[in-house]
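Structure first, commentary second.
The values are calculated or read from the model by the stated rules, or taken from the named source; none is laboratory data. None of these values were measured; they are calculated from a predicted model. So basically every Cβ, Gly included, is an ideal-geometry build from the backbone, and we count neighbours across all protein chains shown.
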Amino acid sequence: MGKEKKNHAAKKGNTLGTDSDAAQEEIRVLAYQLFCECGCEHGHHVDHWLEAERRVLGPKSGR
């Protein structure tokens, strides 16, 4: 029975990791899109990343 609990916990952890990975990938893609929309001008990567995080991870109201 102890082994079953470990497997269940591992599966649950993998699901959370997958959601986190998906969010990270969405942020990465959106940050690059913002970079392109701003004329591919270097030096604003932090601004683009933070804006992408805000959009992806921010409140989901109105969606």
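Return the pair list, or none, for Cβ contacts closer than 6 Å from residues in the stretch 17-40 that are in contact (Cβ under 8 Å) with a residue 24 or more places away in the chain and within 11 Å of Glu51 (Cα to Cα) to residues that are surrounded by 10 or more Cβ atoms within 10 Å (Cβ to Cβ) and not polar (S, T, N, Q), at least 6 apart or on different chains.
Ile27/Ala52; Ile27/Glu53; Ile27/Val56; Leu30/Ala52
Give just the number: which of (1) at pLDDT 95 or above; (2) part of a helix (DSSP H, G or I); (3) loosely packed, with under 10 Cβ neighbours inside 10 Å does Gly43 not satisfy?
It is condition (2) that Gly43 fails.
Failed condition for Ala31, given (1) aliphatic (A, V, I, L, M); (2) surrounded by 10 or more Cβ atoms within 10 Å (Cβ to Cβ); (3) modelled with pLDDT under 95, with all others met?
(3)
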